[in-house]
Amino acid sequence: MNLDKNTLKDRLSTPAAALAMGLSVAVVLVLLPTRATDALRDAVAGALRPGQSAASHLREHGSRATSRLKSHFRTASRLTETERELQRLRHENRELAAALAAARRSTGPAEQAEDDESDTLLRARCVAAQVLGRQARTFLGRRGLLDVGSEAHIDPDALVVDLPPLIDRGNDAELADGQLILADRHIWGKIAQTGRNTSTVQTLTEPGYRDLVALGTLDGPQGILEGTGEPLPRIRLVEVTEPVSLGDPVYTVAGKGVFPTPLLYGRIVQLERPVGAAHWEIRMQPAVAEEPDRVAVVRTELNPVRVAEKPRAGQKGIR
């Protein structure tokens, strides 16, 4: 019986036919000599080797890619946690800075100076004082308590009108002429004249005000600050060879070695170099722009820690 090609193809494609073919091939391989099977095995292994090598490379690259991906995710997670921690620390720093600023504002200059302890021979102490307005001066003048200028027998009414700024501390607080006056730790002026209970103030913009100052830092170029009666006092005798810039701070040299922090007058806002001139023309913006309500007078004294007690009469000093 003759079978057509389609029928034969269908029969050979059945599972039974495929199994029978596989068994037949296995029997043939068993019956073949060892040399023939080795050669066949080597040929098959050679044919499959490129695929195995490619699969091995793919597996190795996949393992590396997986490791890198896991490392990337771990790094991204750590970065996210670090950013969160950084934001938290920044928030805490802002809160601490605000609290510190509030504490500084609530602490007067006198109390701040009391906290500045050191082992230096000289130290500064601040005496808190109130700036007296026109009404307070009139009240004191009518009762004969406005003691500034009394030695010159000046009429109290004229004294109230013509006096410069006045504070409510004088000899009773051991104040003396020339002592610096601070407002928010910036220099407002100095004591011009002291009385028993009051003192007059010479502000740094008034004519005749003079002080030795340093520009930039306490070790920077030095000059003479002069009040001219104008809003911007001038600084003289700074040579043009000295490095000076707009915005540089201006400090008094008088507090060097005494006050724990530099005492600021203001900042340079005008700077010119005239042709052929040997010195800069400098104008300064005072740090204290308006008359304050409360001030602190800087009083220099010996540090009791550094000063040995003198022996009394009849006693021998300790060696």
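Along region 67-75, what does the Karplus equation 6.51 cos²θ - 1.76 cosθ + 1.60 (θ = phi - 60°) give for ³J(HN,Hα), rounded to whole Hz, x for Gly and Pro?
5, 4, 5, 5, 4, 4, 5, 5, 5
Identify the residues of region 218-245 with backbone N under 17 Å of a label point that sits 7 angstrom from the Cα of THR120 along the Cα-to-Cβ direction, or state none.
Under 17 Å, as judged by backbone N against the label point of THR120, lie 218-220 of region 218-245.
Go through 275-288, 63-76 and give me the packing order, highest mean Cβ count within 10 Å leading. Please report the intermediate quantities before stating the final value.
Values: 275-288: 16.4, 63-76: 10.0.
For the peptides 275-288, 63-76, the packing ranking is 275-288, 63-76.
Starting from the alpha-carbon convex hull of region 193-240, give the projected area averaged over all orientations, in nm².
4.5 nm²
So if I average 1/r over every pair of distinct C-alpha atoms in region 179-307 and take the inverse, what Kirkwood radius in Å does that give?
15.4 Å
Here, each number is a calculation from the coordinates, and none is a lab measurement. Source: prediction; values computed, not measured. Because the Cβ atoms are built from the backbone with ideal geometry, glycine has one as well, and the counts that use them run over all protein chains shown.
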